[in-house]
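Notes follow the structure.
We did not get these values from a lab; they are worked out from the coordinates using the rules stated. Small disclaimer: the values here were computed from a predicted structure and weren't measured. Positions of Cβ are generated from backbone atoms using ideal geometry, with glycine treated the same way; all protein chains shown enter the neighbour counts.
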Amino acid sequence: MSTDPIQSIIDQAIAEFGHIDILVNNAGIIRRQDSVKFSEKDWDDVINLNLKSVFFFCQAAANQFMKQGTGGKIINIASMLSFQGGIRVPSYTASKSGVKGITMLMANEWAKHGININAIAPGYMATANTAQLRADESRSSEILGRIPADRWGTPEDLKGPVVFLASSASDYVNGYTIAVDGGWLAR
């Protein structure tokens with residue numbers, strides 16, 4: 001086993017299943033503060049988890065896919081803020097924009113190895129990351145007023161796009177970020 005924590009996770013999957021076919025990078029945190037007051041610690045915490053770990057998990061999975069000679073599927077979780085600036089979430093916006101960017105870069109480099117790498121950009125989802133927003137009645141109402149679906153998304157709303165991107169139905173989709181946002185970006 002490797003002493004590198006990411007490679008150790010890949011090694012554990014290989015030991016248990018004999019190979020890997022799909023990676024879904026879904027970890028993420030958010031810190032809210034005006035950008036003029038945002039701390040370096042909060043910046044680093046968010047960038048390290050949301051972008052750095054995504055990059056190195058993708059790299060480890062791609063190396064394994066190439067070693068196996070089987071290709072594979074990588075699905076990164078970006079955000080609608082990969083397309084927009086956001087408010088009071090500078091490191092989150094930077095990290096999720098970076099996820100969209102490295103997804104495209106990796107598709108350019110790895111498609112020839114049969115590796116499909118795409119991203120999903122959730123909109124406002126009813127998760128722990130948005131609890132503070134949903135608890136603020138005024139802000140929640142503003143957000144819902146802009147979502148054509150007139151509701152917060154749920155993790156279940158991501159199932160279909162994940163299954164599609166993990167399946168052979170998406171074999172010719174590469175480097176794309178699919179918005180799952182109830183129509184937010186259409187406004």
Review point. In this model, which of LYS37/LYS96; LYS41/LYS67; LYS100/LYS159; LYS37/LYS100 are farther than 29 Å apart at the alpha-carbon?
Key: LYS41/LYS67
Practice item. On a 0 to 90° scale, report how tilted helix 5-17 is relative to the longest principal axis of the chain, with both axes built from alpha carbons and the result rounded to the nearest 10. Key: 60 degrees
Practice item. Obtain the radius of gyration and the Kirkwood radius of segment 5-186 from its C-alpha atoms and give Rg over Rh. Key: 0.99
Point to revise | Rotationally averaged projected area of segment 79-179 (alpha carbon convex hull; nm²) | key: 7.0 nm²
Practice item. Determine the distance separating the Cα centre of segment 113-130 from the Cα centre of segment 62-85; give it in Å without decimals. Key: 10 Å
Check your understanding: What is the dipole size for the chain, taken about its Cα centre, with +1 at each Lys and Arg Cβ and -1 at each Asp and Glu Cβ, in debye to the nearest 20?
Key -> 360 debye
Review point. Which value, in nm² and rounded to one decimal, describes the direction-averaged projected area of the C-alpha convex hull of segment 1-83?
Key: 6.7 nm²
Revision key, fill the gap. For the chain, averaging the sequence separation of alpha carbon pairs under 8 Å that lie six or more residues apart and dividing by its residue count, the contact order in percent is 22 percent
Exercise for review: Please arrange VAL46, VAL162, VAL173 by counting, for each residue, the other beta carbons lying within 10 Å of its beta carbon, fewest first.
Suggested key: VAL173, VAL162, VAL46
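Which FRET efficiency, nearest 0.05, do HIS19 and LYS112 yield, Cβ-Cβ r, R0 30 Å?
E between HIS19 and LYS112, to the nearest 0.05, is 0.90.
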